[in-house]
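So the structure is just underneath, and the comments pick up after that.
The values are calculated or read from the model by the stated rules, or taken from the named source; none is laboratory data. Predicted model, so just to flag it, every value in this text is computed and none were measured. Every residue, glycine among them, receives a Cβ derived from its backbone with ideal geometry; neighbour counts consider all protein chains shown.
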Amino acid sequence: MTTLAERLISRRKELRLTQEELAKPSNMTRVTISNIEIGNSTNIRAESLFALAKALNCSPEWLLFGTGAKANDNENQHLLSNITSGPKIERTCPLINWLEAVSWGETNEPSLIDEVKYFPCPVICGPKTFILTVRGDSMLNQFENGDLIYVDPDNIDMVSGNYVVAVLDNLSEATFRRLIIEDGKKYLQALNPSYLPEMKFIQIDDNYRLIGTVVSHVKPI
């Protein structure tokens, strides 16, 4: 199963629910459920996602991305009164671009971003946490192009080995690298094993600003 629609259909049928039976506890109409299942509605709102996950007794992360564990249920269970919610996700985070990340600590107002999309964060994070889409090959093989990283601006402790998003004075966009501290010197490291040494490490001092630490990594399927 590679899409939200496929996982929704599969889980609904596992619980032996009709679209009408699922619509009521999800605070949706049957037509809305149908549109999601046939792929007409792909940008599902956070509150709708949580309501669906609760009614289907599965985690929002599994339903949206196909990652993480799907909650167990009795094969013959089909009464919604017996369904319990999946793992609690307390916060949703906005997906922004790399230019917006530079000034996010100063604004952090989702309303300033056009057509902002929110996704649930699978770990505990701060209220200003945002999401970036990984671009390029600098962080291969661990982070691939298109992966999602959750960045917490409230977590800016200088810990060697942390994955961080920073901005250098001579750049207008944020940079995603691994922070290395060795012999009192700080470096931003690219992970790509094919990079030459001079490309893998950027020594930093007062010429950079740490935007936040990566607290979660999601690979969309």
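For the range 36-62, the candidate set comprises residues that are at pLDDT below 85 and of a type in the set (V, I, T); within that set, the residue that is farthest from C93 (Cα to Cα) is T42. Among residues of the range 205-221 that are closer than 18 Å to S172 by Cβ, those with a beta-carbon under 6 Å from a residue that is hydrophobic (A, V, I, L, M, F, W, C) and in a loop (DSSP other than H, G, I, E, B) at least six positions away or on a different chain give the pairs L210/I156; I211/A174. Kindly check whether there is at least one residue in the range 26-35 that is more than 19 Å from K117 (Cβ to Cβ), at pLDDT below 80 and crowded, with 18+ Cβ neighbours inside 10 Å. For the range 26-35, residues more than 19 Å from K117 (Cβ to Cβ), at pLDDT below 80 and crowded, with 18+ Cβ neighbours inside 10 Å: absent.
Tally the residues that are under 20 Å from T129 (Cα atoms) and among the hydroxyl-bearing types (S, T, Y), restricting the search to the range 162-207. Spell out how you get there, then give the answer.
Residues of the range 162-207 under 20 Å from T129 (Cα atoms): 162-167, 173-179.
Checking the rest, the ones that are also among the hydroxyl-bearing types (S, T, Y) come to 163, 175.
Residues flagged as under 20 Å from T129 (Cα atoms) and among the hydroxyl-bearing types (S, T, Y) within the range 162-207 amount to 2.
Taken over the range 188-209, residues that are part of a strand (DSSP E or B) and touching an Asp or Glu at 6+ places or on another chain (Cβ under 9 Å) amount to 2. In the range 125-137, the residues that are within 13 Å of E100 (Cα to Cα) never reach a residue that is assigned to a loop (DSSP other than H, G, I, E, B) and among the hydroxyl-bearing types (S, T, Y) with C-beta atoms less than 8 angstrom apart, at least six apart or across chains.
Quick one: is R45 touching a residue at least 60 places away in the same chain (Cβ under 8 Å), more than 18 Å from P122 (Cα to Cα) and not aromatic (F, W, Y)? No. On the stretch given as the range 27-62, residues that are in a helix (DSSP H, G or I) and either closer than 14 Å to R12 by Cβ or not small (G, A, S) (or both) total 19.
Only residues that are touching a Lys or Arg at 6+ places or on another chain (Cβ under 8 Å) and within 16 Å of L140 (Cα to Cα) were counted in the range 170-190, giving 4.
Taken as a whole, the condition of being surrounded by fewer than 16 Cβ atoms within 10 Å (Cβ to Cβ) and among the polar types (S, T, N, Q) applies to Q203. Note on the range 63-146: enclosed strands (runs of 3 or more DSSP E) holding 1 or more residues that are modelled with pLDDT of 90 or more are 92-95, 130-133. Mind listing whichever residues of the range 11-23 are surrounded by 13 or more Cβ atoms within 10 Å (Cβ to Cβ) and not acidic (D, E)? The answer is R11, R12, L15, L17, Q19, L22, A23. The requirement of being over 22 Å from L64 (Cβ atoms), touching a Gly at 6+ places or on another chain (Cβ under 7 Å), charged (D, E, K, R) and not assigned by the TED database to the domain that holds A51 is not satisfied by D137. Just so you know, in the range 14-34 the residues that are in contact with an Asp or Glu (Cβ under 9 Å, 6 or more places away or on another chain) and of a type in the set (A, V, I, L, M, F, W, C) include one that is nearest to A55 (Cα to Cα), and it is L15.
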